[in-house]
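The values are calculated or read from the model by the stated rules, or taken from the named source; none is laboratory data. Small disclaimer: the values here were computed from a predicted structure and weren't measured. Backbone-built Cβ (ideal geometry, glycine too); neighbour counts: all protein chains shown. Only protein heavy atoms, including side chains, enter the accessible area calculation; ligands, DNA and RNA are left aside. Shrake-Rupley method; radii C 1.70, N 1.55, O 1.52, S 1.80 Å.
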Amino acid sequence: MSDRGASEASFERLRQEPFFEVVVDLVAGYLATAFDDPQSVAGEKWTLSCLPTTNEKAGMTRLFSLDVGPLEVVYVDQYTEDGETVDYRTVMVTSTSALVRQLGCPLDELLLRYPLLRFRPVEDASAGGDAVAIDWFLSDEGADDQFFTLPLDESTIGPLAALLADNADGPSPRPHNRWFAQYVLDALEDDD
């Protein structure tokens, strides 16, 4: 497996992106709700990569990927045309049952309540059938507002993260960018 996403050079390139601080906040928020002490399980229960190699399409670049255990749980894709950024797509995975319980309605009703968001069940054995990917495009005006009104906290992220972390068997074979991880962990400490 390529370690491109784990290099210091990829971290430095990511730092140049205008969306970088938003990405840091997104990752830090997820880790803070997923783990009591994210630093103690970095590289073991969760990994973070910068500009990882993915099945990218022309004009699309994955800026980063946060994996808990064997599953990508947060990532942002950047879309470009003629070398200019035209959009960003944010994806976050959370517990389906906890999200439905918190909002008091079934998943198909969420599509009506939050028309600018997409809710896609995640088919991954490690999630035990209890994961949903929520994604949205920055260009969809108001999508970010809808996303940030969801209860994305310990009640919805925590149960899935615990399940996925329990399915992590020792150090992850996925690339782990220690420079990006440390930057995010430092941001978490600064918020305390």
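Residues to consider are Ser126, Ser95; find the one that is in contact with a helix residue (DSSP H, G or I) (Cβ under 9 Å, 6 or more places away or on another chain) and surrounded by 18 or more Cβ atoms within 10 Å (Cβ to Cβ). Talk me through it step by step, then tell me what you get.
Details: Ser126 fails: surrounded by 18 or more Cβ atoms within 10 Å (Cβ to Cβ).
After ruling out the rest, the residue left standing is Ser95.
What about Asp67, is it assigned to a strand (DSSP E or B) and surrounded by fewer than 20 Cβ atoms within 10 Å (Cβ to Cβ)?
No.
Can you spot a residue in the range 17-25 that is acidic (Asp, Glu), in a loop (DSSP other than H, G, I, E, B), in contact with a Ser or Thr (Cβ under 8 Å, 6 or more places away or on another chain) and surrounded by 15 or more Cβ atoms within 10 Å (Cβ to Cβ)?
no
For the range 34-49, how many residues are surrounded by fewer than 16 Cβ atoms within 10 Å (Cβ to Cβ) and of a type in the set (Ser, Thr, Tyr)?
1
So if I check each of Pro159, Pro175, which one is at pLDDT below 95, open to solvent by 10 Å² or more (accessible area, probe 1.4 Å) and farther than 19 Å from Ala34 by Cα?
On the way: Pro159 fails: farther than 19 Å from Ala34 by Cα.
Result: Pro175 is the single residue among Pro159, Pro175 that is at pLDDT below 95, open to solvent by 10 Å² or more (accessible area, probe 1.4 Å) and farther than 19 Å from Ala34 by Cα.
Being among the polar types (S, T, N, Q) and either open to solvent by less than 40 Å² (accessible area, probe 1.4 Å) or touching a Leu at 6+ places or on another chain (Cβ under 7 Å) (or both) is the filter here; which residues of the range 70-92 pass it?
Listed by number, the residues that qualify are Gln78, Thr90.
In the range 49-69, what count of residues is obtained for those that are touching a Leu at 6+ places or on another chain (Cβ under 6 Å) and closer than 19 Å to Ala127 by Cβ?
Total meeting the criteria: 3.
Please go through (1) of a type in the set (A, V, I, L, M); (2) part of a loop (DSSP other than H, G, I, E, B); (3) at pLDDT below 95; (4) open to solvent by 40 Å² or more (accessible area, probe 1.4 Å) for Leu116 and return the number of the only condition it doesn't satisfy.
(3)
Taking Leu71, is it over 26 Å from Asp140 (Cα atoms) and of a type outside the set (Phe, Trp, Tyr)?
The answer is yes for Leu71.
Kindly indicate which of Ala127, Ala131 is modelled with pLDDT of 95 or more and aliphatic (A, V, I, L, M).
Ala131
Here is a list of conditions, (1) surrounded by fewer than 16 Cβ atoms within 10 Å (Cβ to Cβ); (2) in contact (Cβ under 8 Å) with a residue 40 or more places away in the chain, and Lys57 meets all of them except one; can you say which number that is?
Here Lys57 meets the rest and fails (2).
If only one of Asp144, Asp77 is part of a helix (DSSP H, G or I) and among the charged types (D, E, K, R), which one is it? Give the derivation first.
Numbers: Asp77 fails: part of a helix (DSSP H, G or I).
When all the criteria are applied, what remains is Asp144.
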